[in-house]
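The values are calculated or read from the model by the stated rules, or taken from the named source; none is laboratory data. None of these values were measured; they are calculated from a predicted model. As a convention, Cβ positions derive from the backbone with ideal geometry for all residues, glycine included, and neighbour counts pool all protein chains shown. Just the protein is used for accessible areas: all its heavy atoms, side chains included, with ligands, DNA and RNA removed. Shrake-Rupley method; radii C 1.70, N 1.55, O 1.52, S 1.80 Å.
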Amino acid sequence: MPVIVCPLCQSLLTRDAGQWHCPQRHMFDVAREGYVNLLPVQHKKSRQPGDAGDMVLARREFLAGGHYQPLRDAVIAQLRELQPASVLDIGCGEGYYTQAMAEVVPDVTGLDIAKPAIQLAARRCKGPVWLVAGGARLPLGDQSVALVTSLFSPLPVAEMARVLVPEGLLLVVTPAPDHLRSVREALFDTLIPHEPDKFLEMLAPQFHLHSRQEVRCPLALTQASLRQLLAMTPYVWRAKAERRAALEAHEQWQAEAAFTLFLLRKSS
């Protein structure tokens, strides 16, 4: 089981069926869905941090359609090969990838700052430990996790290094330079390529690159799945309303998702 600590005093949490508590008598209820909220109000930067409910629902529906199945398969293939004893999935969202991780890793923790996402995840899958928490203050003990994953999520470098065991592994998934190129060309006048390699600079010197892989997913989108895709991406917040409306009017749309997977090792 993962070493979970109190977000207020960093003492070890004792976990009972209905409540978690620490020696300082800080108590955290287990929600009926099965998750635990370890994000104290004083650690929040907004009333409802993280992805909004409509974005979470759009992502769940889109991913349930199997559009990113090749990416999930690639992530799980990595885990099967590595056979880590435990995984912490930071920014797990509604648990599409985390649920699959739990099928090949005995000890999985899914963590996200968005409560609506964790509620959905905990309802659908009872295997992992589900936590509402922020990456800036991971409620896990030092050197207590074998592998950390971050799929399209912020990278709290110091915290990830802290919770990983010596020479632990970090799996980062980020858009490749031409990810969803046709969608972005329809939304914006100027196309700015994604820059996956910038994350390697961000992660050094705490982590060094072990391997990298690219995964591509051809997408034949219906109008419904195109709208779900747009609702779950940050692109729409930067696009002009008329450009988004014109794109959403298409009954069919061809695109290609492209991802870069970095496997890194914690530096000694």
Query raised in the report: All but one of (1) open to solvent by less than 30 Å² (accessible area, probe 1.4 Å); (2) more than 17 Å from the chain's Cα centre (by Cα); (3) within 26 Å of Ala241 (Cα to Cα) hold for Ala176; which doesn't?
Result: (2)
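Would it be correct to say that Arg72 is of a type in the set (D, E, K, R), closer than 24 Å to Arg227 by Cβ and at pLDDT 95 or above?
When the stated conditions are applied, Arg72 passes them.
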Query raised in the report: What tally of residues in the stretch 81-104 results from selecting those that are open to solvent by 20 Å² or more (accessible area, probe 1.4 Å), in a helix (DSSP H, G or I) and either aliphatic (A, V, I, L, M) or closer than 19 Å to Val165 by Cα (or both)?
Result: 2
Query raised in the report: Within the stretch 211-240, how many residues turn out to be under 11 Å from Phe62 (Cβ atoms), of a type in the set (A, V, I, L, M, F, W, C) and within 20 Å of the chain's Cα centre (by Cα)?
Result: 4
Query raised in the report: Filter the stretch 213-255 for residues that are of a type in the set (Gly, Ala, Ser) and part of a strand (DSSP E or B); which is farthest from Arg184 (Cα to Cα)?
Result: Ala220
Query - In the stretch 71-80, residue farthest from Arg216 (Cα to Cα) [restricted to those that are over 15 Å from the mean Cα position of the chain (by Cα) and open to solvent by 30 Å² or more (accessible area, probe 1.4 Å)] - result: Arg80
Query raised in the report: Among the residues of the stretch 27-41, is there at least one that is out of contact with any Phe, Trp or Tyr (no Cβ under 6 Å at 6 or more places or on another chain), crowded, with 20+ Cβ neighbours inside 10 Å and polar (S, T, N, Q)?
Result: no
Query raised in the report: In the stretch 197-232, what residues are under 30 Å from Arg265 (Cβ atoms) and in contact with an Asp or Glu (Cβ under 9 Å, 6 or more places away or on another chain)?
Result: Val215, Arg216, Cys217
Requested in this report: Look at Ala117 and say whether it is assigned to a helix (DSSP H, G or I), open to solvent by less than 20 Å² (accessible area, probe 1.4 Å) and touching a strand residue (DSSP E or B) at 6+ places or on another chain (Cβ under 8 Å).
Outcome: no
Report task. Among what's in the stretch 125-173 and is open to solvent by less than 10 Å² (accessible area, probe 1.4 Å) and hydroxyl-bearing (Ser, Thr, Tyr), pick the residue that is farthest from the chain's Cα centre (by Cα). Result -> Thr149
Requested in this report: Could you figure out which of (1) assigned to a helix (DSSP H, G or I); (2) over 22 Å from Pro196 (Cα atoms); (3) of a type in the set (A, V, I, L, M, F, W, C) isn't true of Leu111?
Outcome: (1)
Report summary line: Restricting attention to the stretch 233-268, the residues that are hydrophobic (A, V, I, L, M, F, W, C), under 21 Å from Met55 (Cβ atoms) and either touching an Asp or Glu at 6+ places or on another chain (Cβ under 7 Å) or open to solvent by less than 30 Å² (accessible area, probe 1.4 Å) (or both) number exactly 6
